[in-house]
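The values are calculated or read from the model by the stated rules, or taken from the named source; none is laboratory data. These numbers come from a predicted model, not from an experiment. So basically every Cβ, Gly included, is an ideal-geometry build from the backbone, and we count neighbours across all protein chains shown. Note: areas computed on protein heavy atoms with side chains; ligands, DNA, RNA excluded. Shrake-Rupley method; radii C 1.70, N 1.55, O 1.52, S 1.80 Å.
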Amino acid sequence: MAYVEVRSKHENRSHAVERELLRLGASLESKLSKNVTHVVFKEGKQVTWKRAQSWGIHLVSVLWIEK
């Protein structure tokens with residue numbers, strides 16, 4: 001289960017990343033929860049980063065999807 005928070009210069013790019021993950025067969029969550037196993041993160045909210053770390057959720061970059 002993945003959650004996406006990807007921004008570039010204050011522009012939300014999460015939807016494009018979500019579409020690619022869905023194309024690859026991933027399951028997505030619309031909100032960060034303890035059901036999430038991976039957070040795709042770039043320039044997002046600090047609270048998202050800290051919460052994911054404290055819950056032991058993998059924080060990955062968009063490059064992770066390409067691999």
Checklist outcome for this item: Restricting attention to the range 1-15, the residues that are over 12 Å from Ile65 (Cα atoms) and open to solvent by less than 100 Å² (accessible area, probe 1.4 Å) number exactly 9
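With respect to Arg7, is the statement that it is part of a strand (DSSP E or B) and not β-branched (Val, Ile, Thr) true? Don't jump to the end; show me each part of the working.
Values: part of a strand (DSSP E or B): yes; not β-branched (Val, Ile, Thr): yes.
Yes; evaluated as a whole, the condition is true for this residue.
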Checklist entry - Of the residues in the range 23-51, how many are open to solvent by less than 100 Å² (accessible area, probe 1.4 Å), without any contact (Cβ under 8 Å) to a residue 40 or more places away in the chain, more than 10 Å from Met1 (Cα to Cα) and not in a loop (DSSP other than H, G, I, E, B)? => result 5
Checklist outcome for this item: Here the residues within the range 52-67 that are within 19 Å of Leu22 (Cβ to Cβ), over 12 Å from the mean Cα position of the chain (by Cα) and assigned to a helix (DSSP H, G or I) are Glu66
